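Down below is the structure, laid out as structure tokens.
The values are calculated or read from the model by the stated rules, or taken from the named source; none is laboratory data. Just so it is clear, the model here is predicted, and its values are computed rather than measured. For neighbour counting, all protein chains shown are included, and Cβ atoms are generated from backbone atoms with ideal geometry for every residue, glycine included.
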Amino acid sequence: MTITDSFTLAFRTVRGNRLRTGITVAIIAFGIMALIGIITAIQSMDQSLRESFSSMGTNAFNLRYKESKVRLGHHDREEVELSKRGQKVKKSNLGKVITKEQAIAFKQNFAFPSLVSIYFAMGRNIECRYNNKKTNPISSVWGGDENYLNVNGYTLKTGRNFSNLDVESGRNVCLLGYNIATKLFGEEMPEKCLDKTIQVGGLEFRVIGLLKSKGSSSFLRQDEVVITPYNNSARFGSASNSYTIGVMVGQVQQLDAAIGETTALFRSVRKMEPTEEDNFLIEKSDKFAELFIGFLSSITASAGAIGLITLIGAAIGLMNIMLVSVNERTKEVGLIKAIGGKSKDVRLQFLFESMIISLLGALFGIILGVLVGNLFGLILHTGFVIPWAWVVAGIIICSLVGLAAGIYPAMKAAKLNPIVALRYE
């Protein structure tokens, strides 16, 4: 009896017991579907995040106010602590915001070859209106300058950028995000927004430019933004009390040098003493991407644990069914041995049955998991994702599950005495 004969007999047995096979395959398939589905959805989220953050540029960083962890009674109060040598070291007040004057002084004196932008948040969850049309209150309003678009990865689709006169005079002009333009002026002709006056949080602004879509994800909503000159801050009551400075260098290799120059210059602008700690924070543009992606990695590990637990349950169920099959086919095993079949042939037949059922479960589970996971990808507007590494891992895991679940029943069947087996009723 050859290996091919053992495989053929195993396949015929699996096909002949369709109900039992179908139930076992379904159990394994649901376990693999849960694992592959979650992993596919996570990879869709990961792809969406990377696309969103890559548009910000990896050669940029922000200088912003660092909030104090210790609240003091007065904003101008200083805290003194002892150094390791016993000397008194004066710590600066970490509650000190970045003022407009400091931001302008930095921009004017920063000599490193780069683009510098001054901006800050004027408001979030703002409603925009044009005639009888309005958006949901999800828009973000930013005050920026002529370099804001380049530093933050935006591109003009039509219209013009801010001029120096727009920024200095604080004109009531704005640049409109693509999603807001389509909601207010229609998806067919968002360019109609140019030179139109819209209401942003109840204030009127003339649209001078339309931004290209950044393919904003559900996480960042980068296309639902209104940008106006930062000197309009007095018109928004909910505006931030601290400015942010964005710096973009020509190459990623220049980042560290630019950050060193930035730290030295801004300490000078702040008039800080050498013994004082930095009371500002420098963040690279990819920091939040790393945080999100790290969070997704932990979810991936949890998904793997869930899938593994499900597959352990499926393995126990498969072993139970194979043991029942051994008892039901005792007479068949005796017949195989009576006509010359060896114990290893019986063992191979039962192992093949177990692995065929397990791999069928893997096949259906992978297909369903990829489809279910990509349904989530459609919501995030990402491409079709197939987690090939996990697909291969799923096949290997199911092969091991089939092997582990079939070893004991196969050995039990192989040890049957042919005479006793033939007499079994």
> Going by the structure shown, is Leu265 modelled with pLDDT under 90, more than 17 Å from Ser139 (Cβ to Cβ), assigned by TED's automatic domain parsing to the domain that holds Leu115 and not in a loop (DSSP other than H, G, I, E, B)?
Replying inline: no
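Tell me, which residue of segment 105-144 that is among the β-branched types (Val, Ile, Thr) and in a loop (DSSP other than H, G, I, E, B) is surrounded by the most Cβ atoms within 10 Å (Cβ to Cβ)?
Taking segment 105-144 as the starting set, the residues that turn out to be among the β-branched types (Val, Ile, Thr) are 116, 118, 126, 135, 138, 141.
Within this subset, residues satisfying the condition of being in a loop (DSSP other than H, G, I, E, B) are 135, 138.
Details: Thr135: 22, Ile138: 14.
Result: Thr135.
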>> Being modelled with pLDDT of 85 or more and either surrounded by fewer than 18 Cβ atoms within 10 Å (Cβ to Cβ) or farther than 24 Å from Ser242 by Cα (or both) is the requirement here; does Lys100 meet it?
In response: yes
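Scan Gly201, Gly177, Gly159, Gly246 and give me the residue that is buried (at least 16 other Cβ atoms within 10 Å of the Cβ), of a type in the set (Gly, Ala, Ser) and under 30 Å from Ala111 (Cα atoms). Explain how you work it out, then say what you get.
Working: Gly201 fails: under 30 Å from Ala111 (Cα atoms); Gly177 fails: under 30 Å from Ala111 (Cα atoms); Gly159 fails: under 30 Å from Ala111 (Cα atoms).
Checking each option against the conditions leaves just Gly246.
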>> I'd like to verify a number: residues in segment 1-37 that are surrounded by fewer than 16 Cβ atoms within 10 Å (Cβ to Cβ) and hydroxyl-bearing (Ser, Thr, Tyr), how many?
In response: 3
> If you take the residues of segment 47-60 that are surrounded by 21 or more Cβ atoms within 10 Å (Cβ to Cβ) and either at pLDDT below 80 or in a helix (DSSP H, G or I) (or both), which of them is nearest to the chain's Cα centre (by Cα)?
Replying inline: Leu49
>> For a quick check of your reading of the model, give me the residue pairs whose first member lies in segment 232-244 and is farther than 16 Å from Ile126 by Cα and in a loop (DSSP other than H, G, I, E, B), whose second is modelled with pLDDT of 85 or more and not hydrophobic (A, V, I, L, M, F, W, C), with beta-carbon atoms closer than 6 Å and at least 6 apart or on different chains.
In response: Tyr243/Lys100
> Pairs under 9 Å by beta carbon, first residue assigned by TED's automatic domain parsing to the domain that holds Ala181 in segment 146-159, partner acidic (Asp, Glu), six or more apart or different chains?
Replying inline: Glu146/Asp166; Lys157/Glu191; Thr158/Glu191; Gly159/Glu191; Gly159/Asp195
> Just one of the numbered conditions (1) within 30 Å of Thr382 (Cβ to Cβ); (2) surrounded by fewer than 23 Cβ atoms within 10 Å (Cβ to Cβ); (3) of a type outside the set (A, V, I, L, M) is not true of Asn152; which one?
Replying inline: (2)
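Answer with yes or no whether Asp195 is at positive phi, modelled with pLDDT under 95, acidic (Asp, Glu) and assigned to a loop (DSSP other than H, G, I, E, B). Explain how you work it out, then say what you get.
Details: at positive phi: yes; modelled with pLDDT under 95: yes; acidic (Asp, Glu): yes; assigned to a loop (DSSP other than H, G, I, E, B): yes.
Considered against the rule, which asks whether it is at positive phi, modelled with pLDDT under 95, acidic (Asp, Glu) and assigned to a loop (DSSP other than H, G, I, E, B), Asp195 comes out as yes.
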>> Considering only residues that are in contact with a helix residue (DSSP H, G or I) (Cβ under 8 Å, 6 or more places away or on another chain) and over 22 Å from Ile395 (Cα atoms), which ones fall in segment 18-30?
In response: none
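Filter segment 145-184 down to residues that are assigned to a loop (DSSP other than H, G, I, E, B) and of a type in the set (Ser, Thr, Tyr), then give me how many there are. Quick ask: steps written out before the conclusion?
Pass one, segment 145-184, residues assigned to a loop (DSSP other than H, G, I, E, B): 145-147, 152-155, 160-163, 170-172, 177.
Right, trim to of a type in the set (Ser, Thr, Tyr) and you get 154-155, 163.
Final tally of qualifying residues: 3.
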